[in-house]
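Peer 1: Just dropping this structure here.
The values are calculated or read from the model by the stated rules, or taken from the named source; none is laboratory data. These numbers come from a predicted model, not from an experiment. Virtual Cβ from ideal backbone geometry, glycine too; neighbours counted across all protein chains shown.
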Amino acid sequence: MAFQKTVRQLARTHVSPIADEMDRTDSWPQEVMEVFRDNGLIQLAVPAEYGGPGADITSICLAREEVARAGSMALATLAGQNNTLALALRQLGTEEQRRRLLPELARGAVCLVALTEAEAGSDLSRLATHARRDGSSWVINGQKSYVSWGKLATYATVFARTNDSPGSKGISGFIVPTASPGFHEVRTNVKMGQRGFPNVEIVLDDVRVPAENLLGEEGSGIAAALQGLHQNRAMMAAIPLGGGLAALDYAKAFLADRQYKRRPMTELQGLRWMLADMWTELEAARALIYQCAERLDAGVPVGTVAPLCSMAKLYASEAAVRVTNDALQLLGGAGYMADHPVERFVRDARVTTIYEGTTQVQKNTIARALLDA
């Protein structure tokens with residue numbers, strides 16, 4: 001399709017040449033962000049009536065797959081980056097919120113999600129960050145961990161406890177400008193892979209936000225978070241798919257250029273079988289991802305599609321780990337060296353089994369849907 005070809009060319013022009021340097025220096029390429037913004041890629045999910053491209057989830061998956069396949073799983077997240085807030089506003093926001101915020105997102109404003117805490121990772125009921133009502137405002141205090149994007153973001157979706165109800169009840173979502181007084185980055189995390197875009201720890205110290213920045217109904221934050229996570233899992237799964245394809249592309253070209261006992265290495269049956277397995281796994285992941293995206297785009301309720309979203313995320317991320325490791329093996333000693341990007345692909349793929357819900361969380365979602373049906 002034309003959109004996919006356009007993103008592929010853009011990624012080859014602007015992403016492929018800098019992917020290694022971005023990893024090596026762990027620095028953010030601001031100029032690439034501007035290219036993505038100017039081409040409407042950051043803001044893909046913003047509806048056309050508010051000035052955005054109005055792209056569907058399938059298009060976001062295609063964009064992320066192509067950027068990752070061009071050599072950077074880190075930069076792939078920039079495609080459709082502000083979709084978490086854009087989709088939340090479309091589905092849960094008030095019309096006043098949409099009119100106020102979506103035009104800014106349409107111009108490419110970057111957003112972050114502040115959900116995880118040191119004692120509340122997969123168990124969201126343990127969130128300790130709290131918000132108290134003070135007149136026409138909410139005042140938020142707490143600390144968030146493993147927050148991607150940091151101060152590159154203009155807005156944060158912050159989840160906080162608004163009453164003392166047990167477990168996951170009483171948690172609400174808030175739209176918080178990152179420039180708000182009391183919103184502090186206290187540490188930048190050094191990551192194993194997907195280096196370049198920041199991951200930080202955040203402290204919220206008496207951060208005051210107007211009451212109209214409450215996202216959805218008070219106390220409905222966990223439901224909103226889970227709905228967003230389920231949708232985002234399909235889109236995030238496209239990143240390890242693209243990264244796995246990048247590793248397969250590189251291993252195939254590497255073997256085609258070498259011989260063993262006067263025979264091209266691509267003629268050796270053992271290596272051919274490895275390549276066949278790698279491609280098969282990635283195509284199986286593709287089928288799950290785009291089936292999931294198609295259903296979400298068709299308006300099938302998120303709760304109904306949630307098990308499939310978890311299957312896509314589970315299978316694509318685990319497949320990428322296997323495929324990138326096999327690519328490294330096919331390169332032999334060369335694959336372990338930083339002279340070749342495959343060792344970076346291995347590192348980049350590993351985190352995809354953790355973010356947006358770990359492999360084990362995905363299996364719980366799938367099993368619950370199967371056994372409780």
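Peer 1: Read through the list (1) closer than 25 Å to residue 215 by Cβ; (2) more than 18 Å from the chain's Cα centre (by Cα), then give the number of the only condition that residue 5 fails.
Peer 2: Unmet for residue 5, out of (1) closer than 25 Å to residue 215 by Cβ; (2) more than 18 Å from the chain's Cα centre (by Cα): (1).
Peer 1: Further question: So which of 133, 99, 90 ends up being surrounded by fewer than 19 Cβ atoms within 10 Å (Cβ to Cβ), in contact with a helix residue (DSSP H, G or I) (Cβ under 9 Å, 6 or more places away or on another chain) and under 21 Å from residue 234 (Cβ atoms)?
Peer 2: 90
Peer 1: Now for a different question. For residue 187, work out the one condition from (1) among the basic types (Lys, Arg); (2) assigned to a helix (DSSP H, G or I); (3) more than 30 Å from residue 98 (Cα to Cα) it doesn't fulfil.
Peer 2: (2)
Peer 1: For the subset of the range 260-271 comprising residues that are in a helix (DSSP H, G or I) and of a type outside the set (S, T, N, Q), which member is surrounded by the most Cβ atoms within 10 Å (Cβ to Cβ)?
Peer 2: Restricting to residues being in a helix (DSSP H, G or I) and of a type outside the set (S, T, N, Q), the top hit is 271.
Peer 1: Can you find a residue in the range 236-259 that is farther than 30 Å from residue 68 by Cβ, in contact with a helix residue (DSSP H, G or I) (Cβ under 6 Å, 6 or more places away or on another chain) and not in a helix (DSSP H, G or I)?
Peer 2: no
Peer 1: Any idea how many residues of the range 272-313 are surrounded by 18 or more Cβ atoms within 10 Å (Cβ to Cβ) and of a type in the set (Phe, Trp, Tyr)?
Peer 2: Looking only at that region, the number is 1.
Peer 1: Within the range 318-341, track down each residue that is crowded, with 24+ Cβ neighbours inside 10 Å and under 12 Å from residue 278 (Cβ atoms).
Peer 2: 319, 320, 323, 324, 327
Peer 1: Checking the conditions here, which among 64, 69, 99 is of a type in the set (Lys, Arg) and over 23 Å from residue 347 (Cβ atoms)?
Peer 2: Step by step, each of 64, 69, 99 is checked, and only 99 is of a type in the set (Lys, Arg) and over 23 Å from residue 347 (Cβ atoms).
Peer 1: Suppose we filter 334, 369, 327 for residues that are out of contact with any helix residue (DSSP H, G or I) (no Cβ under 6 Å at 6 or more places or on another chain), among the hydrophobic types (A, V, I, L, M, F, W, C) and either at positive phi or outside any loop (DSSP other than H, G, I, E, B) (or both); which single one remains?
Peer 2: The conditions single out 334.
Peer 1: Can you tell which of 108, 71 is crowded, with 24+ Cβ neighbours inside 10 Å and touching an Asp or Glu at 6+ places or on another chain (Cβ under 9 Å)?
Peer 2: Testing whether each residue is crowded, with 24+ Cβ neighbours inside 10 Å and touching an Asp or Glu at 6+ places or on another chain (Cβ under 9 Å) leaves just 71.
Peer 1: Right, here's the next one. Residue by residue through the range 29-42, note down the ones that are among the β-branched types (Val, Ile, Thr) and assigned to a loop (DSSP other than H, G, I, E, B).
Peer 2: If the condition is that a residue be among the β-branched types (Val, Ile, Thr) and assigned to a loop (DSSP other than H, G, I, E, B), then 42 is the only one that fits.
Peer 1: Additional query: Just give me the residues in the range 1-28 being part of a loop (DSSP other than H, G, I, E, B) and closer than 13 Å to residue 64 by Cα, in sequence order.
Peer 2: Within the range 1-28, just 15 meets the criteria.
Peer 1: Shifting gears a bit: Please verify whether the range 131-141 includes one or more residues that are outside the structural domain of residue 349 (by TED's automatic domain parsing), within 18 Å of the chain's Cα centre (by Cα), part of a loop (DSSP other than H, G, I, E, B) and touching a residue at least 24 places away in the same chain (Cβ under 8 Å).
Peer 2: no
Peer 1: Cβ contacts < 7 Å: first residue in contact (Cβ under 8 Å) with a residue 60 or more places away in the chain and within 21 Å of residue 47 (Cα to Cα), restricted to the range 288-306; second residue surrounded by 18 or more Cβ atoms within 10 Å (Cβ to Cβ) and among the small types (Gly, Ala, Ser), any location; separation 6+ or different chain. Result?
Peer 2: Qualifying pairs under 7 Å: 293/234; 296/234.
Peer 1: Just to be sure, is residue 155 more than 17 Å from residue 92 (Cβ to Cβ), aromatic (Phe, Trp, Tyr) and surrounded by 18 or more Cβ atoms within 10 Å (Cβ to Cβ)?
Peer 2: It is false that residue 155 is more than 17 Å from residue 92 (Cβ to Cβ), aromatic (Phe, Trp, Tyr) and surrounded by 18 or more Cβ atoms within 10 Å (Cβ to Cβ).
Peer 1: Condition (residue is buried (at least 24 other Cβ atoms within 10 Å of the Cβ), touching a Leu at 6+ places or on another chain (Cβ under 8 Å), within 19 Å of residue 114 (Cβ to Cβ) and not assigned by TED's automatic domain parsing to the domain that holds residue 75) applied to the range 188-199: is it met by at least one residue? Walk me through how you get there before you give the answer.
Peer 2: As a first pass, look at the range 188-199 and keep what is buried (at least 24 other Cβ atoms within 10 Å of the Cβ): 194.
Now restrict to residues that are touching a Leu at 6+ places or on another chain (Cβ under 8 Å): none.
No, that holds for no residue.
Peer 1: Only one of these conditions is not met by residue 175: (1) of a type outside the set (Lys, Arg); (2) touching a residue at least 60 places away in the same chain (Cβ under 8 Å); (3) not in a strand (DSSP E or B). Which number is it?
Peer 2: Unmet for residue 175, out of (1) of a type outside the set (Lys, Arg); (2) touching a residue at least 60 places away in the same chain (Cβ under 8 Å); (3) not in a strand (DSSP E or B): (3).
Peer 1: Helices (runs of 4 or more DSSP H) wholly in the range 43-112 with at least 2 residues that are touching a Leu at 6+ places or on another chain (Cβ under 8 Å) and at pLDDT 95 or above - which ones?
Peer 2: Numbers: elements: 57-69, 73-76, 83-92, 95-106.
Result: 57-69, 95-106.
Peer 1: Another question, if that's okay. Could you list all residues from the range 347-366 that are outside any helix (DSSP H, G or I) and either surrounded by fewer than 16 Cβ atoms within 10 Å (Cβ to Cβ) or acidic (Asp, Glu) (or both)?
Peer 2: To start, the set of residues in the range 347-366 that are outside any helix (DSSP H, G or I) comprises 354-358.
Listed by number, the residues that qualify are 354, 356.
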